[in-house]
1. Of VAL44, VAL11, which residue is in contact (Cβ under 8 Å) with a residue 24 or more places away in the chain and either in contact with a His (Cβ under 8 Å, 6 or more places away or on another chain) or among the β-branched types (Val, Ile, Thr) (or both)?
2. Among the residues of segment 57-76, which ones are of a type in the set (A, V, I, L, M, F, W, C) and either within 10 Å of the chain's Cα centre (by Cα) or within 12 Å of ASN23 (Cβ to Cβ) (or both)?
3. Restricting to segment 15-36, name every residue that is more than 13 Å from GLN3 (Cβ to Cβ), out of contact with any Lys or Arg (no Cβ under 8 Å at 6 or more places or on another chain) and of a type in the set (Asp, Glu).
4. Search segment 68-92 for residues that are under 18 Å from TRP6 (Cβ atoms) and surrounded by 15 or more Cβ atoms within 10 Å (Cβ to Cβ) and pair each with any residue that is at pLDDT below 95 and not β-branched (Val, Ile, Thr) when their beta-carbon atoms are under 8 Å apart and the residues are at least 6 apart or on different chains.
5. In contact (Cβ under 8 Å) with a residue 40 or more places away in the chain and either in contact with a helix residue (DSSP H, G or I) (Cβ under 8 Å, 6 or more places away or on another chain) or surrounded by 15 or more Cβ atoms within 10 Å (Cβ to Cβ) (or both) - does that describe any residue in segment 50-62?
6. If you scan segment 1-39, which residues turn out to be over 15 Å from ILE62 (Cα atoms), loosely packed, with under 14 Cβ neighbours inside 10 Å and either over 12 Å from the mean Cα position of the chain (by Cα) or among the hydroxyl-bearing types (Ser, Thr, Tyr) (or both)?
7. Look at segment 1-45 and say how many of its residues are under 10 Å from VAL84 (Cα atoms) and either of a type in the set (A, V, I, L, M) or touching a helix residue (DSSP H, G or I) at 6+ places or on another chain (Cβ under 6 Å) (or both).
8. For segment 40-49, which positions are surrounded by fewer than 14 Cβ atoms within 10 Å (Cβ to Cβ) and of a type in the set (A, V, I, L, M, F, W, C)?
Amino acid sequence: MIQAVWNETVVAEAESTEIVEGNHYFPFSALRQEYFEKSDTHTVCSWKGTASYYSLIVGGKINKDAAWFYPEPKSAAGHIANKVAFRKGVDVRHTS
């Protein structure tokens, strides 16, 4: 299993992820939704498209824009549609 952990809490867990540019993209179904809040932040990648963000809220702490996804990725990034990646101190680890 692959886990995304922040503030000592597993926020996502999947049997497999898509790895793009060193980032693990988790399926939406792997997210523990209670820790995610949509953000108004958006960024643009020249080959993936426009990214949207989630903030994580765990144990009363907020990690703003710690997760991102491409709601409508460009064709070259179609394999990461409906998948979420992490940054800003979220630890992605393999478990046995």
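1. Values: VAL44 fails: in contact (Cβ under 8 Å) with a residue 24 or more places away in the chain.
Matching residue, one of VAL44, VAL11: VAL11.
2. Of the residues in segment 57-76, the ones of a type in the set (A, V, I, L, M, F, W, C) are 57-58, 62, 66-69, 76.
Residues satisfying the conditions are ALA66, ALA67, TRP68, PHE69.
3. GLU21, GLU34 - these are the residues of segment 15-36 that are more than 13 Å from GLN3 (Cβ to Cβ), out of contact with any Lys or Arg (no Cβ under 8 Å at 6 or more places or on another chain) and of a type in the set (Asp, Glu).
4. Once the first residue is under 18 Å from TRP6 (Cβ atoms) and surrounded by 15 or more Cβ atoms within 10 Å (Cβ to Cβ) and sits in segment 68-92, its partners that are at pLDDT below 95 and not β-branched (Val, Ile, Thr) give PHE69/ASN82.
5. yes
6. The answer is MET1, GLU15, SER16, GLU21, GLY22, SER29.
7. 5
8. Within segment 40-49, the first condition is being surrounded by fewer than 14 Cβ atoms within 10 Å (Cβ to Cβ), and the residues that meet it are 40-44, 46-47.
Those that are surrounded by fewer than 14 Cβ atoms within 10 Å (Cβ to Cβ) and of a type in the set (A, V, I, L, M, F, W, C): VAL44, TRP47.
The values are calculated or read from the model by the stated rules, or taken from the named source; none is laboratory data. Here the structure is a predicted model, which means the values were calculated and not measured. With ideal geometry, Cβ positions are generated from the backbone for all residues, glycine too; neighbour counts draw on all protein chains shown.
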